[in-house]
Amino acid sequence: MESNFPKVLELAKKYEPEMTRFLRDMIAIPSESCQEEKVILRIKAEMEKAGFDKVTIDPMGNILGTIGHGKHLIAMDAHIDTVGVGNPDNWQYDPYKGHEDNEVIIGRGGSDQEGGMASMVYAGKIIKELGLEDDYTLAVVGSIQEEDCDGLCWQYILKEDILKPEFVVITEPTDGKIYRGHRGRMEIKVTTKGISCHGSAPERGDNAIYKMAPILSELRALHPNLKDHPFLGKGSLTVSEIFHTSPSRCAVADSCWISIDRRLTAGESGEYAMQQIKNLPAVKAAGAEVTMYTYERPSYTGLVYPTESYFPTWLIEENHPVCSTLTDTYRGLFKTEPVLDKWTFSTNGVSIMGRYGIPCIGFGPGHEDQAHAPNEKTWKKELVQAAAMYAVIPSLYVRRYADKMPSNTENLMKIGQ
């Protein structure tokens, strides 16, 4: 197996121009959540060109390309939806045309995370060209709606029996490291209610915005006191949106509500985080309602798959067989020791591992700090490295670690541990 490593690296480098072209084609197709159809079709064409054995699009709209027919089902995932552009004045280059030089490609989705898809497709081509098929079936997944609702796509894939892989490689950007977990998150809504009246005599009403003001102060004070964890870091909280209703600009507001982005570290469940807010004195004094958002937006195919906006924390152990698979692959290809770390943001792993206990491991081209940023870029050398990794991982796993897989992978971040 090791004798193939130089050949894999050579081919990955050879296909750099094609990977780059493919990535730029994806970047050129705007593909925000629920608007991914055109980029899915572009990926389908590239998978077929690369020689995948089977390419399908499921009823939700996720694309699945498979290679091989072995008994060990391994999946690799890239969400191919992107966030929007934001203020175009913050971009030096057109986000959908971008810029390319010898080192980088600039454009929306380069790091987050269509670069992962480009590397996966060409890993499939390398596997075919070098005959690296083994007793595995590799499923390359282009998932949708992740930016809107992390893990919803994989809730659908797993609950509807589209795939049941032994493990999943998440190809979100990892800054050249191997990631084995991250904090969870949830989206919380706090609502205050009042009574409207004419703005010329506000004492006749009950201003819902004023009721919200002390709640905002207490939420801000809560953030620095949230739980911490030596590996994943501390929980966090920020108010991300504020809304109101009022009969007019000349009236007292009769309702006000805010959205809270709550990041969950070890020992913090959704119920725990909700109760923390319900217990705030200002929330009790205002009689405010604290609820969790739900997500019910239809995919581009029209399918609606409702879910709570709760995305569990997950972490797998450092010596888990899938960690060992990636660290061995990295050492073998690059002759250096990898760094094991975690994402700061959230990924589809919240469903795959967080909800369903299927181990996840992360390695992807690009850098976290490029996600959602203007002038988002990815590095060509990382596309090459990732393609080489993805081409080797399945066969190395089958030969070294498949027989060492536990029957159940424990989420180290379960509440109470």
(request) Return the total of residues in region 76-105 being part of a loop (DSSP other than H, G, I, E, B) and surrounded by 14 or more Cβ atoms within 10 Å (Cβ to Cβ). (result) 10
(request) Being touching a residue at least 24 places away in the same chain (Cβ under 8 Å), open to solvent by 60 Å² or more (accessible area, probe 1.4 Å) and either part of a helix (DSSP H, G or I) or within 30 Å of Y96 (Cα to Cα) (or both) is the filter here, so list the residues in region 375-417 that pass it. (result) K377, K381, Q385, R399, R400, K404
(request) Could you tell me which residue of region 328-347 is farthest from A391 (Cα to Cα), considering only residues that are assigned to a loop (DSSP other than H, G, I, E, B) and open to solvent by 50 Å² or more (accessible area, probe 1.4 Å)? (result) T344
(message) All but one of (1) touching a Ser or Thr at 6+ places or on another chain (Cβ under 6 Å); (2) surrounded by 22 or more Cβ atoms within 10 Å (Cβ to Cβ); (3) assigned to a helix (DSSP H, G or I) hold for Q145; state the number of the condition that does not hold.
(response) (3)
(request) Hey, could you check region 221-232 for residues that are in contact with a strand residue (DSSP E or B) (Cβ under 8 Å, 6 or more places away or on another chain) and open to solvent by 20 Å² or more (accessible area, probe 1.4 Å) and say which is modelled with the lowest pLDDT? (result) F231
(request) Name the single residue, out of those in region 193-207 being part of a loop (DSSP other than H, G, I, E, B) and out of contact with any strand residue (DSSP E or B) (no Cβ under 8 Å at 6 or more places or on another chain), that is surrounded by the most Cβ atoms within 10 Å (Cβ to Cβ). (result) N207
(request) Six or more apart or on different chains, Cβ under 6 Å: which pairs go from a residue in region 300-323 that's without any contact (Cβ under 8 Å) to a residue 12 or more places away in the chain to one that's among the acidic types (D, E)? Could you list them? (result) V304/E296
(message) Scan region 162-179 and tell me whether some residue there is over 22 Å from L383 (Cβ atoms), outside any loop (DSSP other than H, G, I, E, B) and modelled with pLDDT of 95 or more.
(response) yes
(request) Go through region 285-318 residue by residue and tally those that are more than 20 Å from the chain's Cα centre (by Cα), within 23 Å of Q275 (Cβ to Cβ) and β-branched (V, I, T). (result) 2
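Let's see how each residue does on (1) open to solvent by 10 Å² or more (accessible area, probe 1.4 Å); (2) free of Cβ contacts under 8 Å to residues at least 12 places away in the same chain; (3) assigned to a helix (DSSP H, G or I):
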| residue | (1), (2), (3) |
| --- | --- |
| T66 | yes, no, no |
| S119 | no, no, yes |
| Y122 | no, no, yes |
| K128 | yes, no, yes |
(request) Taking the residues in region 246-278 that are over 33 Å from the mean Cα position of the chain (by Cα) and hydroxyl-bearing (S, T, Y) as candidates, determine which candidate is surrounded by the fewest Cβ atoms within 10 Å (Cβ to Cβ). (result) S248
(message) Among (1) over 16 Å from R220 (Cβ atoms); (2) β-branched (V, I, T); (3) not in a strand (DSSP E or B), there is one condition T291 misses while meeting the rest; what is its number?
(response) (3)
(request) Out of the residues in region 25-46 that are over 11 Å from G61 (Cβ atoms), open to solvent by 40 Å² or more (accessible area, probe 1.4 Å) and of a type in the set (D, E, K, R), state the one that is nearest to the chain's Cα centre (by Cα). (result) E32
(message) Suppose the filter is part of a loop (DSSP other than H, G, I, E, B), touching a Leu at 6+ places or on another chain (Cβ under 8 Å) and open to solvent by 50 Å² or more (accessible area, probe 1.4 Å); does E318 pass it?
(response) yes
(message) Cβ-Cβ distance below 8 Å, separation of 6 or more or different chains: which pairs start in region 152-173 with a residue that is acidic (D, E) and end on one that is surrounded by fewer than 24 Cβ atoms within 10 Å (Cβ to Cβ) and in a helix (DSSP H, G or I)?
(response) E166/A402
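The values are calculated or read from the model by the stated rules, or taken from the named source; none is laboratory data. Since this is a predicted model, take the numbers as computed values, not measurements. Using ideal geometry, Cβ is built from the backbone for each residue, glycine included, and neighbour counts are taken over all protein chains shown. We work out accessible area using only protein heavy atoms, side chains counted, and drop any ligands, DNA or RNA first. Shrake-Rupley method; radii C 1.70, N 1.55, O 1.52, S 1.80 Å.
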